[in-house]
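The values are calculated or read from the model by the stated rules, or taken from the named source; none is laboratory data. Quick caveat: nothing in here was measured; it's all calculated off a predicted structure. Every residue, glycine as well, gets a Cβ built from its backbone with ideal geometry; the counts of neighbours run over all protein chains shown. Please note that ligands, DNA and RNA were not included when accessible areas were found on the heavy atoms of the full protein model with its side chains. Shrake-Rupley method; radii C 1.70, N 1.55, O 1.52, S 1.80 Å.
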Amino acid sequence: MFRSLHMKLTLILLLLITSLMAVVGAFLTTSVSSFFIDTFYQQIDNVFGEDRQDFVASLREAADSGSVELIREMLDANAGSLGIDYSTRNYFVLSGESGAYLAGSAEESALPREQSANLLAARNAVSRREETFVADESSIAADYMDVAIPILGGDNAFIIYILDNKDTVSGLNGQLFDIIMQALVIGLLISVLLSFLLSKTMVGPIEKLTAGAEKVASGDFDSQLPIESDDEIGILTGTFNEMAGVLHTTLAAMENERNKLDTLFLHMTDGVVAFDHDGQLIHCNPAAGTMLQRKVEGTYQDLFGSVFPFAQVLALARPNYLESEMVVGERTLELYLAPFSDAASGGVLIVLHDVTEHHRNEERRKEFVANVSHELRTPLTNVRSYAETLRSAPGEIPPEMEANFLDIIITETDRMTNIVQDLLTLSRLDAGNAEMVLSRFSFQEAIASVVRSSALNAKQRRHTLVYDPPESLPLIVGDRRRLEQVMMNILGNAIKYTPDGGFIRVTAGSLEDTVWMEVSDNGIGIPEKDRERIFERFYRVDKARSRESGGTGLGLSIAREIVQRHHGTLALADHQGPGTTIRLTLPITQAHTEHMT
């Protein structure tokens, strides 16, 4: 609503009138209050001041005689000079010692409930036997005006207390407020009318300029706005017409170049950055900003000065080019730099190609081949060694040793089979060919089944295996066989890597839409430097011990792949003391079911 210039001008005028009337009202109210306060204390001074010492002396004589009635008569005689009207302003004769009411132009109930500062000061003056004119002027905001005059006569002491409740001031201020409000309403009505007329006169030409600007923005450069005045708005209109003509010519010249660049660069997956012959940026496509992970701006020196000097690239003879690599964050970019046109009017064009994934895949391939070769070489070497021993000495090896050699050959063969099987499983998971057979089953029963299956193995190692089943766990949707494989891997690792006689605890529970299982042990634990890598393929914390126990370094990798296919998490949890805690978290339901039984 207030975005309209009409409304802004109207609102400004309304605020101006309102502010002016508020200031005038506050000034008048303050002036009236100040006038009444000054008049009150001036009247008191005229009666009890330096010029009326005879009156004060008469009051002392009356006080000496102890006649309260005589003091009252004297005050009544000067009631006009004191402004006593017996309704809003009254006088009181009070005891000098106690401040008790003795007489007055009004009843005792007209006195304030609590004695004022002036009255207390007057009582203090009486106690010191001093006649002090006590008149601490009241503030504008106070509810009343008062003055207290001690009168001492012989052994007697009285206090003449004059009190004005300001009803006259309040009534006059109320009338002033009514007058100001009436004037404010009339002023606002007039200001609304004038503001609309003024805003219409000012905004009309601006609205025409806005309409013309909208036409130019839509591509219509033929319309010329009429110049209706010689003032600033007329000058602005003429300047706008000239600007529209220049803009039309410039845009027509740029259109062809823009179409060429847009078609060539906009949809390229490779980044393209171009600089003029001074090294200033003239173009870049969105892919370049994504690859460089920053807003592409500035000069060649800012962006690629560390790769090749600009002069060296610009001096190349076409079609020669320079090739280099740049690392940006975790990305590896391959750069091709070449000049375009001639050195005077041309520049440098840079093409960026993201080879990060290619490098990563190459490193993974090399690492994978090395790991597989290493894992298979050890059992193959053992098989060959024992087979050659059996072959080289037929009939000479004791039957017990021969059986032992054959057992080792079978064990190493099983180990190679497990490695190949694990690799096949990972390959299927990576390719998405490992179909998940989803069904609704009891998560609690699955955990209990895995614990029962592992109990004998734990007992052989003299472990204490404890399972604390919750009262109930919800049914979940998942591939029970594969999830039990994950649980078996976690629990098997705890049994395998905990020294004999250890303690292993299995706990489980559920949250709003997930279930979880934790396996904690007091085994060898995982060093801090290895915690982030234990789920990598072929990674083992203690390689010698892993091979002794038959580990391939693929179990946790397969487990995490299966859990991720179920949209869950498998991670190390916080653990107090020696040992390890691994937490498995799974959703109760699956958003996408592959094969539901």
Worksheet item: Is it fair to say ALA135 is open to solvent by less than 60 Å² (accessible area, probe 1.4 Å) and modelled with pLDDT under 75?
Response: yes
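In this structure, does GLY234 turn out to be modelled with pLDDT of 75 or more and open to solvent by less than 90 Å² (accessible area, probe 1.4 Å)? Talk me through it step by step, then tell me what you get.
Values: modelled with pLDDT of 75 or more: no; open to solvent by less than 90 Å² (accessible area, probe 1.4 Å): yes.
So GLY234 fails the test.
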Discussion item. All but one of (1) at pLDDT 75 or above; (2) over 19 Å from ASN489 (Cβ atoms); (3) not in a loop (DSSP other than H, G, I, E, B) hold for GLY577; state the number of the condition that does not hold.
Written reply: (3)
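Every residue, every condition in (1) modelled with pLDDT of 70 or more; (2) among the aliphatic types (A, V, I, L, M); (3) closer than 27 Å to LEU491 by Cβ, yes or no:
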site	(1), (2), (3)
ASN371	no, no, yes
HIS374	no, no, no
VAL420	yes, yes, yes
GLU445	yes, no, yes
Discussion item. Looking only at strands (runs of 3 or more DSSP E) that lie completely in segment 459-510, which have at least 2 residues being open to solvent by 30 Å² or more (accessible area, probe 1.4 Å) and over 26 Å from HIS567 (Cβ atoms)?
Written reply: 464-468, 503-510
Worksheet item: Is it true that THR239 is surrounded by fewer than 14 Cβ atoms within 10 Å (Cβ to Cβ), among the hydroxyl-bearing types (Ser, Thr, Tyr), modelled with pLDDT of 80 or more and closer than 30 Å to LYS208 by Cα?
Response: yes
Discussion item. When you check VAL56 against the structure, is it under 22 Å from VAL126 (Cα atoms), part of a helix (DSSP H, G or I) and touching a Ser or Thr at 6+ places or on another chain (Cβ under 8 Å), yes or no?
Written reply: no
Worksheet item: How many residues are touching a residue at least 12 places away in the same chain (Cβ under 8 Å) and either surrounded by fewer than 19 Cβ atoms within 10 Å (Cβ to Cβ) or closer than 12 Å to SER105 by Cα (or both) when one looks only at segment 61-70?
Response: 6
Item to complete: Taking the options THR332, THR299, name whichever one is farther than 21 Å from ASP276 by Cα, open to solvent by less than 60 Å² (accessible area, probe 1.4 Å) and of a type in the set (Ser, Thr, Tyr).
Response: THR332
Worksheet item: Somewhere in segment 107-121, is a residue closer than 22 Å to GLY174 by Cβ, under 60 Å from the mean Cα position of the chain (by Cα) and in a helix (DSSP H, G or I)?
Response: no
Worksheet item: Quick one: would you say GLU362 is modelled with pLDDT under 80, closer than 26 Å to MET416 by Cα, out of contact with any Leu (no Cβ under 9 Å at 6 or more places or on another chain) and not polar (S, T, N, Q)?
Response: yes
Worksheet entry | Failed item in (1) touching a Pro at 6+ places or on another chain (Cβ under 8 Å); (2) assigned to a helix (DSSP H, G or I); (3) surrounded by fewer than 16 Cβ atoms within 10 Å (Cβ to Cβ), with SER229 passing the rest | (2)
Item to complete: Please indicate, with yes or no, whether at least one residue in segment 8-31 is among the hydrophobic types (A, V, I, L, M, F, W, C) and closer than 29 Å to ASN156 by Cα.
Response: no
Discussion item. Based on this model, can you work out whether LEU247 counts as open to solvent by less than 90 Å² (accessible area, probe 1.4 Å) and farther than 30 Å from PHE308 by Cα?
Written reply: yes
